[in-house]
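Trainee: I have a structure I would like to understand better, so I am pasting it below and will then ask my questions one at a time.
The values are calculated or read from the model by the stated rules, or taken from the named source; none is laboratory data. The model shown is predicted, which means the values in this text are computed figures rather than measured ones. For neighbour counting, all protein chains shown are included, and Cβ atoms are generated from backbone atoms with ideal geometry for every residue, glycine included.
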Amino acid sequence: MSTTETTVLTDVPQQLFIAGQWQDAESGRTLAVDNPATGEILCEIADASPADGRLALDAAVAAQPGWAATAPRERSEILRRAYEIILDRTEELALLMTLEMGKPLAEARGEVRYAAEFFRWFSEEAVRIDGGLSTTPDGANRILVMRQPVGPCMLITPWNFPLAMGTRKIGPAVAAGCTMVLKPAPQTPLSSLALAGILTEAGLPPGVLNVVPTSDAAGVVEPLLRGGQIRKLSFTGSTQVGRILLAQCADTVVRTSMELGGNAPFIVFEDADLDAALDGAMVAKMRNMGEACTAANRMFVHRSVAGEFAGRLAERMGALSVGPGTEPGTDVGPLIDATGRGKADALVHDAVRRGAKVLVGGETPDGPGHFYPPTVLTDVRADSELMRTEIFGPVAAIIPFDDEDEVLAAANDTEWGLVGYLFTRDLDRALRVGERLETGMVGVNTGLVSNPAAPFGGVKQSGLGREGGRVGIEEFLEYKYLAIPYGGSRG
Ligand code: ADP
């Protein structure tokens, strides 16, 4: 390990962050954080137990009234300062993320900027929370509407975007005046711990954000959700875990925002600009090694251009260099763990067994590290497992189609509805197909939709609520309405 890598790991806090204090787990237990590029342990950090979770929630509950009463400008400035600190530390944060998650440094730097932008965006939103005053239709009463923070929140984040998924939830919660317990993914807790340090430097008061990495997610989270004090859950992760958490939230009627899985269709029509479609495909498929809920999972390409598209995509995918994310020149890092790699491999073998052709990749290399090669499959059959399963790996699956109605039916034939992509030069068709895709987001001639200023989220079983954009802060605010009988008779 290089000296810079060792320094980054020594500098990052390795304890739980509760009530503004760094502390060991009550049980003294630790959790190993692995480097997916080598399979080696990077460090051991405190592993929260349910008792630590309880302490974190107590801290959030105790801090809530004081935090809700702070001036919006104060909350805004904290986020703004944190935004600047994150940008100043781009190199350290990017390296930390690459070490714990595997993505190439260039992508990690991109994520640091993306993550910071959520703080900038929500620092601007914090001072724009407003309400309204109106008159009842009969003129007898006034309706005064005010906005208030929902209260203590549980935030649960996944491992694929360790920094940005945190800032996307913490940003609006801070802006709205909510306190939080953050439970990051056990594979990538270091970025979240670094973030807690940065927010503290930026002036976030003790107890507002509490961070409890744990190897026992279910044991720590369930009692908190059922305890009656959490007012809001914001979760990003699999649909499967999302369903479990929704059921737990139902019992105590906890508000939820759920960013769940996807099965994105990527549609290339016969009139598309093929160069643009290929650029879009590389981004939509290969961003984060395909480990993104927005990743193009099913590439539907018009039969008249499918051969050319597949050949050119295979050429570009085959030219990517696979290796540890810390090495300069690496385009594709390792997958997160052996399970993730095994899943990609099994999906490829299943598709091939059912008739797909491998144009490039498709074979798992020997260790160390959880590497999987960029893979292009063409003539993928509709009954293949990967048509119904998030691949979460660098595997492009191409399915030829003949007409618009057919491709729309196929694209919508899934329980998920996060994002879709379409490539065409025909504006009418872009709008028509964009409207008919059953997804929360559509990329039109682009392979990237994520933006802090846009409402990110899905329909169907891809989730509930939106993150980012003007609506992002709404998820953390309640309405309160005061009926005021002035200016008319008492109603
Ligand atoms: P993935 O399969 O991509 O790891 P998960 O949905 O399993 O996605 O994980 C997303 C987040 O949800 C992680 O922080 C994980 O620790 C957490 N998680 C997993 N299971 C539970 C659970 N039963 N209760 C609460 N959180 C959970």
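Trainee: Checking the structure you have, find out if any residue of region 276-295 is farther than 25 Å from residue 372 by Cα and crowded, with 22+ Cβ neighbours inside 10 Å.
Mentor: No, region 276-295 contains no residue that is farther than 25 Å from residue 372 by Cα and crowded, with 22+ Cβ neighbours inside 10 Å.
Trainee: Let me ask something additional. Of all residues in region 213-238, how many are polar (S, T, N, Q), over 10 Å from residue 156 (Cβ atoms) and buried (at least 23 other Cβ atoms within 10 Å of the Cβ)?
Mentor: Total satisfying the criteria: 1.
Trainee: Identify the residue in region 137-186 that is under 20 Å from residue 96 (Cα atoms) and more than 12 Å from the ligand (Cβ to nearest atom) and, among all such residues, is surrounded by the most Cβ atoms within 10 Å (Cβ to Cβ).
Mentor: Selected residue: 167.
Trainee: (1) surrounded by 23 or more Cβ atoms within 10 Å (Cβ to Cβ); (2) among the hydroxyl-bearing types (Ser, Thr, Tyr); (3) free of Cβ contacts under 8 Å to residues at least 24 places away in the same chain: which one isn't true of residue 30, the others all being true?
Mentor: The one condition residue 30 does not meet is (1).
Trainee: Give the residue, chosen from 457, 447, 443, that is within 24 Å of residue 179 (Cβ to Cβ), under 28 Å from the mean Cα position of the chain (by Cα) and buried (at least 21 other Cβ atoms within 10 Å of the Cβ).
Mentor: Answer to the selection: 457.
Trainee: Any chance you could count how many residues in region 192-223 are among the polar types (S, T, N, Q) and either over 13 Å from residue 17 (Cβ atoms) or assigned to a loop (DSSP other than H, G, I, E, B) (or both)?
Mentor: Counting residues in region 192-223 that are among the polar types (S, T, N, Q) and either over 13 Å from residue 17 (Cβ atoms) or assigned to a loop (DSSP other than H, G, I, E, B) (or both) gives 2.
Trainee: Could you list all residues from region 393-415 that are crowded, with 24+ Cβ neighbours inside 10 Å and either within 22 Å of the chain's Cα centre (by Cα) or within 23 Å of residue 450 (Cα to Cα) (or both)?
Mentor: 393, 394, 395, 396, 397, 411
Trainee: For region 240-356, list the strands (runs of 3 or more DSSP E) that sit wholly inside it and hold at least 3 residues that are touching a Lys or Arg at 6+ places or on another chain (Cβ under 8 Å); which are they?
Mentor: By residue number, 255-259, 264-268.
One line per residue, one yes/no per condition, for (1) within 30 Å of residue 481 (Cβ to Cβ); (2) buried (at least 24 other Cβ atoms within 10 Å of the Cβ); (3) outside the structural domain of residue 8 (by TED's automatic domain parsing):
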| site | (1), (2), (3) |
| --- | --- |
| 106 | no, no, no |
| 121 | yes, yes, no |
| 126 | yes, yes, no |
| 130 | yes, no, no |
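Trainee: I'd like the full set of residues that are more than 8 Å from the ligand (Cβ to nearest atom) and at negative phi, limited to region 226-238.
Mentor: 226, 227, 229, 230, 231, 232, 233, 234 - these are the residues of region 226-238 that are more than 8 Å from the ligand (Cβ to nearest atom) and at negative phi.
Trainee: Kindly indicate which of 288, 297 is touching a strand residue (DSSP E or B) at 6+ places or on another chain (Cβ under 8 Å), over 30 Å from residue 58 (Cβ atoms) and within 16 Å of the ligand (Cβ to nearest atom).
Mentor: Result: 297 is the single residue among 288, 297 that is touching a strand residue (DSSP E or B) at 6+ places or on another chain (Cβ under 8 Å), over 30 Å from residue 58 (Cβ atoms) and within 16 Å of the ligand (Cβ to nearest atom).
Trainee: If you check 367, 342, which single one turns out to be surrounded by fewer than 22 Cβ atoms within 10 Å (Cβ to Cβ) and either of a type outside the set (Gly, Ala, Ser) or away from the ligand (no atom under 16 Å from the Cβ) (or both)?
Mentor: Within the list 367, 342, the selection yields 367.
Trainee: Output the residue which, of all residues in region 245-259 that are hydrophobic (A, V, I, L, M, F, W, C) and buried (at least 16 other Cβ atoms within 10 Å of the Cβ), is farthest from the ligand (Cβ to nearest atom).
Mentor: 254
Trainee: Residues in region 463-477: is at least one part of a strand (DSSP E or B), under 30 Å from residue 140 (Cα atoms) and touching a residue at least 40 places away in the same chain (Cβ under 8 Å)?
Mentor: Yes, some residue in region 463-477 is part of a strand (DSSP E or B), under 30 Å from residue 140 (Cα atoms) and touching a residue at least 40 places away in the same chain (Cβ under 8 Å).
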